[in-house]
There are 4 protein chains.
Amino acid sequence: MGIPIRICLVGAGRVANVHSNSLIHHVPEGKLVAVVDNNEKVLNRLADQYEIKNRYLSLEDALDEAEFEAVVITTPTFTHADLSIMAAKAGKHILLEKPMALDLKECDEIIAEAENGKVFLQLAFMRRFDPEFVSAAERIEAGEIGQPMMIKSLTHGPGLPPEWARDLSTSNGNLAEVNSHDWDCVRWLMGSNYKRVYVEVANFKGQSRGVETENYYDNSLVNIKFENGGLGSISAVCPCDYGYDARVEIVGEKGIMQIGELKGQAVTVGINRDQGLITPIFRTWPKRFEWAYIREMEHFINCIQRETQPKVSGEDGRWAVAGVLAGTKSFLEERPVYLDEVIKGTE
Amino acid sequence: MGIPIRICLVGAGRVANVHSNSLIHHVPEGKLVAVVDNNEKVLNRLADQYEIKNRYLSLEDALDEAEFEAVVITTPTFTHADLSIMAAKAGKHILLEKPMALDLKECDEIIAEAENGKVFLQLAFMRRFDPEFVSAAERIEAGEIGQPMMIKSLTHGPGLPPEWARDLSTSNGNLAEVNSHDWDCVRWLMGSNYKRVYVEVANFKGQSRGVETENYYDNSLVNIKFENGGLGSISAVCPCDYGYDARVEIVGEKGIMQIGELKGQAVTVGINRDQGLITPIFRTWPKRFEWAYIREMEHFINCIQRETQPKVSGEDGRWAVAGVLAGTKSFLEERPVYLDEVIKGTE
Amino acid sequence: MGIPIRICLVGAGRVANVHSNSLIHHVPEGKLVAVVDNNEKVLNRLADQYEIKNRYLSLEDALDEAEFEAVVITTPTFTHADLSIMAAKAGKHILLEKPMALDLKECDEIIAEAENGKVFLQLAFMRRFDPEFVSAAERIEAGEIGQPMMIKSLTHGPGLPPEWARDLSTSNGNLAEVNSHDWDCVRWLMGSNYKRVYVEVANFKGQSRGVETENYYDNSLVNIKFENGGLGSISAVCPCDYGYDARVEIVGEKGIMQIGELKGQAVTVGINRDQGLITPIFRTWPKRFEWAYIREMEHFINCIQRETQPKVSGEDGRWAVAGVLAGTKSFLEERPVYLDEVIKGTE
Amino acid sequence: MGIPIRICLVGAGRVANVHSNSLIHHVPEGKLVAVVDNNEKVLNRLADQYEIKNRYLSLEDALDEAEFEAVVITTPTFTHADLSIMAAKAGKHILLEKPMALDLKECDEIIAEAENGKVFLQLAFMRRFDPEFVSAAERIEAGEIGQPMMIKSLTHGPGLPPEWARDLSTSNGNLAEVNSHDWDCVRWLMGSNYKRVYVEVANFKGQSRGVETENYYDNSLVNIKFENGGLGSISAVCPCDYGYDARVEIVGEKGIMQIGELKGQAVTVGINRDQGLITPIFRTWPKRFEWAYIREMEHFINCIQRETQPKVSGEDGRWAVAGVLAGTKSFLEERPVYLDEVIKGTE
């Protein structure tokens, strides 16, 4: 056990609840000492649940009044840059939720300020810590399936995203809000950066759910050409209603690997021979990635304790954002978009 | 293609339908030329379906009037000895449905008459021809899981057996009517004969289904000690309502093997995250053992054509009956019963 | 049983062997009476195996000398149009292997001649007869998963295709030779035609396998926009080495459906706890689609007997070719291609 | 968060390591403050790993010198009674590993002393806290599969048990050391006590592993008749070598339920079409029951904090011991044994 690391949680919504649970119940070396949310009701609900006294309506207030070594930022995407930069300037280590930011300029600023402030910046790509993904990555690295040639990753989520996440003026839509983990995983497991992307989108449920936002889509299908010649596919269906579904399939020169499955629990029931067998599905992402969230937080805390660089960096977050930007440009302009097109402009 | 073998089907019930389908559609070298059933309605229904002209109310009549090389006997168990002996005396090869007979004396007579008549006698243990069971047996034989130590076989059937099959005065109950295949398989795959057996039975649904027969049971659990020291378990639940279920699990000195699964088809659907995934189950035994029935019939026809001994013999059928008799004695007398006890008396 | 239909098999290669097996062993109403192949060795090998006397080096010869009602055409794609047209003119019904032809003009000619000749033309999309696909299609039709929004279909084949099938000057590559079934299935199950397609390809194994053909690819990933707004994905990896793999996944407005699985047999073995469980994979397409090939042939024979239109038409074959042509144009020109672009030119 | 509960761990072997991990990393309200083991090397290894200062060679010493509210007893079975009684007399709450004790007299004494000492006694049947088992039990309770009629539970463990656990003079063999959880689970899920049991055992690997103990067995198969008429089966294979395997199957009046599976992780790989697919198996019980151990410890700590009775009692532990004693008597005397026979003598 090393020195306890004090954490201020910024944003008190759903993923904040998951991180709180990790800190309170499973990562004893991290101490959740303060919570920030500009919505007082949301703030108090989470702080009450986890019995946290220090509650603030802004990160400024928390920085002024509370003592902590690190922040966990879980607020909406459009706030990430400001909050991360503020934390970095104050010398606080940062665990930053995905998507990293709205554009590459923001990503660059976050990375630069974290370097200036000499703080660790870990992107919250928790799949990198999921026992299945970790094992899969190690086996790919060891050459078990040979050089990856084609990788497919999907994330289907049950419910309608919040309003700001559906609107291209305040977010980058499902490509970012649902697929950030997929963008990161395909790049990580392929071991190569995206060269160009092509995206098709569809809107099937928007009307019946009362979404009239321009360019709204609930289905998307990404085609990727990697720099190493490999091919990639990413899909999102959200809301998909049927459960939470995150799976990856990789074909290498020597074989195939499947990561994850639809089944959520090994309890199978048959009571009607016309219907067949029933097996639980994953209902939510916190359940699917239960261990991943715990291991991610342990890693963040341990990196701070041992002063080692986290294994998921700002650069990783920036690449996911670049993929999203190229993808959005692709479906808007109905053509394949090279990553150079979105990256060049920012340099 | 060899010389066509003409078949007379004796008994026109459910399994007769399965064998007719094999002969008519999948085993062109077998010609279904006559059908026998003492129930005229049942006889005509099957004969009409398969467009068979020669229809008889008794095997005697068929033997008198029709020309064929072999019989497939699918009538109730208590008729097997008489019909098999009659066929053997007439020089007809025999594919005999399980259970072979009601007692060992009948089995011995059938075997003796088949030898006398120089006809082939194949017991209809179709699991021996199922692609999964065949592959499993070959792999066990090749030593893949080492010497089998423990084997478990279950058969759960959806519906209430016919009245004669529920009554110990006209049948040997589920131990015979449902589990004959299991008795055969555990002995086949273990590579050893039963030494002693112990059986527990239960009656859960009899009352609600209006069964008042003495000693009726719908659940049974058999414990076997094999001559080679191995252990065996056989269970039957019938009626189980939920589908047709036949699976085997074997632990050998080097590993475990599972044969079969509950799932009946690789189509999985998820439409309700509170319910989960739905996958078809096997509804019936003809569906579960679709290829097994075809391959069994091909084998029978080919053995006649090539004049080679079928690989499932009267001896195999006799051992299954011996297990059933010891098992019935066991639950009636509430003690383990040695096979010697039931075999000795018959020699 | 209806009147037997006499069949002349044109082409005596691998898929011809599968169709012969269906006709000889499982579809008694179809009589395989003649075989054609311009390679005498290939011709005699198959004809010997199935004991067929009438052997011809050309369809002309067969038409001159043998009597039959129908042809099953299994020769390389570039011969399909000539052979189909010759058969149609001679009044023979046609079961035509996929891909239908090299271009839409050939498709149109085949369709026109079949109409002129008043013969049935069935495209050999056997997945339409696979029990899993049939059940899935019925359940989609019944609304179980709602309106399909996204469909993904993959076919990965173990071995290197023949030389003519790798070369864009004699075939349309894997998009046609490997994915024809996928093109048909996604259109069938989505219930809509393709509007535009975008394709990425990769060549990972060509060099090590000695393939130097221009534009050769062994990995391909297709992105489809359907006319109804739905999205589709088709992938091919061939040679994939690890087995034969054909699966479909569909997300509808109400839920998800998976058709097929990697597992080839329900026999599971565990003998090494560091390795885990081992389960057979499908090794070949004849094994994966064993029942599909039988049911496809039954359908063809029955349609001729009953004079009803086969449920897989020339139009279906033509759409698959159109998709392939748009896909090839897409990866060559590195842009999405509308179906109109390839269809318009042919009208 | 309630008041922290201080724990003294008695016994520092394998399962002690698992409980330490739960306490240190996942159950922050429990504080591991002292460890006892009479083997100094074993004691220091565990205490070093978890940085525990207070180390004692006996429970007496720990009681004299350290302050704590509860003990977790993980020593060999033959020490359970003495240690539990000592702890109870000192007013310490007890989490007691299975099997509870060697005989029913010891069980009765433990239960009586816990009552006298007004301390909570929780048996360490962690499967009662496994998410799959918990969900399964709730669904059975809710009537989903109807009244259970037949239940089968197996535990196969990879390695040879320690010497004392193989010898009927110092333990009750695999029936107790491997199957205690199964005895508890079948009774819990069936909702009825055992009425009589019959057991067959076998010794396949003893000789090759150098075990010459009298009555040693490595395979066992238990047949149970429950008081409610239901049937039960329990099997152990240990050492089984192939992995850790714990599964339950229950047939109720309305349907079937399977709990657990051989597969240990949802990562599937195919690299050889002659071999097939490879999927990890559970290698060890701590991995299989990872969450169960955490939830079990949380329950124990919470019961102490809230002063509520643990949901797994001494009575549950006593029933498992009674089943084991009847089972051992059964295979030694080669007859079914009524529970009354082993229970009566102790009253």
Inset, instruction - In debye, nearest 20, what is the charge dipole magnitude of region C:245-347 about its Cα centre with +1 on Lys and Arg Cβ and -1 on Asp and Glu Cβ, if you could check? - result: 420 debye
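Which of B:195/D:195; C:152/C:195; D:195/D:329 have a Cα-Cα distance over 18 Å?
Details: B:195/D:195 26 Å; C:152/C:195 16 Å; D:195/D:329 14 Å.
Table pairs above 18 Å Cα-Cα are B:195/D:195.
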Legend entry - Given charges at beta-carbon only (K, R positive; D, E negative), |dipole| of the protein assembly as shown in Debye: 0 debye
Inset, instruction - Kindly flag which residue pairs out of B:105/B:344; D:89/D:344; B:263/D:263 have an alpha-carbon separation exceeding 19 Å in this structure. - result: D:89/D:344
Legend entry - Cα-based shape type of region C:152-287, given that a ≥ b ≥ c are square roots of the gyration tensor eigenvalues and the cut on a/c is 1.5: oblate
Legend entry - Alpha carbon convex hull of region C:265-310, projected area averaged over orientations, nm²: 4.2 nm²
Inset, instruction - Compute the distribution of all C-alpha to C-alpha distances in region C:1-135, in bins of 10 Å from 0, and list the percent of pairs in each, rounded to whole numbers. - result: 13, 45, 35, 8, 0
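Within region D:51-170, what whole-number % of the accessible surface is contributed by carbon and sulfur, with the 1.4 Å probe and all protein chains included in the calculation?
49 percent
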Inset, instruction - Quantify how strongly other chains surround peptide B:281-290 by giving the mean number of their Cβ atoms within 10 Å of each of its Cβ atoms. - result: 2
Inset, instruction - Name the shape class, rounded, prolate or oblate, that the alpha-carbon gyration tensor gives for the protein assembly as shown, where a ≥ b ≥ c are the square roots of its eigenvalues, rounded holds for a/c under 1.5, and otherwise prolate holds if a/b is larger than b/c and oblate otherwise. - result: oblate
Inset, instruction - With a point put 7 Å past each Cα toward its Cβ, work out how far residue B:333 is from residue B:116 in nm, to one decimal. - result: 3.2 nm
Legend entry - Span per principal axis, largest first, for the Cα atoms of region A:28-86 (Å): 28, 26, 21
Legend entry - Rounded to whole Å, sorted largest first: equivalent-ellipsoid semi-axes of region A:74-135, Cα gyration tensor: 22, 14, 10
Inset, instruction - For an R0 of 25 angstrom, estimate the FRET efficiency from the Cβ-Cβ distance between residue C:215 and residue C:340 and round to the nearest 0.05. - result: 0.60
Legend entry - chain B: calculated mean residue ellipticity at 222 nm from DSSP helix runs of at least 4, using -39500 (n - 2.57): -10500 deg cm²/dmol
Inset, instruction - Take every residue in peptide C:246-257, count the Cβ atoms of other chains within 10 Å of its Cβ, and give the average of those counts. - result: 6
Inset, instruction - Go ahead and run the numbers for FRET between residue D:163 and residue C:272, Cβ-Cβ distance against an R0 of 22 Å, rounding to 0.05. - result: 0.25
Inset, instruction - Could you estimate the translational diffusion coefficient of region C:125-176 from the Stokes-Einstein equation, with Rh from the Kirkwood formula over C-alpha pairs, at 37 °C and 0.692 mPa s, in whole µm²/s? - result: 236 µm²/s
Legend entry - GluC sites (Glu not before Pro) lying in DSSP loop within region A:137-216, provided at most 16 other Cβ fall within 10 Å: A:144, A:212, A:214
Legend entry - Gyration tensor (alpha-carbon) shape descriptor, chain B, a/c threshold 1.5: rounded
Inset, instruction - Select from D:109, D:29, D:253 the residue whose mean-square fluctuation is largest in a Gaussian network model of chain D (Cα-Cα springs shorter than 10 Å). - result: D:253
Legend entry - Whole-number D in µm² s⁻¹ for region B:160-233, Kirkwood Cα-pair radius fed into Stokes-Einstein, 20 °C, 1.002 mPa s: 161 µm²/s
Legend entry - Approximate spin-label separation residue D:89-residue B:82, in nm, with each point projected 7 Å along Cα-to-Cβ: 7.9 nm
Inset, instruction - Find, among the trypsin sites (Lys or Arg not before Pro) in region A:1-77, those assigned to loop by DSSP (not H, G, I, E, B) with at most 13 other beta-carbon atoms within 10 angstrom. - result: A:53
Legend entry - Förster radius 41 Å - calculated FRET efficiency between residue A:141 and residue D:48, Cβ distance, rounded to 0.05: 0.80
Legend entry - Shielding of B:130-136 by partner chains, average beta-carbon count, 10 Å: 3
Legend entry - Axial C-alpha extent at least 30 Å, average Kyte-Doolittle at least -1.0 - helices from chain C (DSSP): none
Legend entry - Inter-label distance, nm, simple model (7 Å from Cα along the C-beta direction), residue C:39/residue B:228: 4.6 nm
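The values are calculated or read from the model by the stated rules, or taken from the named source; none is laboratory data. Given the structure is predicted, the values throughout are model-derived calculations rather than measurements. With ideal geometry, Cβ positions are generated from the backbone for all residues, glycine too; neighbour counts draw on all protein chains shown. Accessible surface areas use protein heavy atoms only, side chains included; no ligands, DNA or RNA. Shrake-Rupley method; radii C 1.70, N 1.55, O 1.52, S 1.80 Å.
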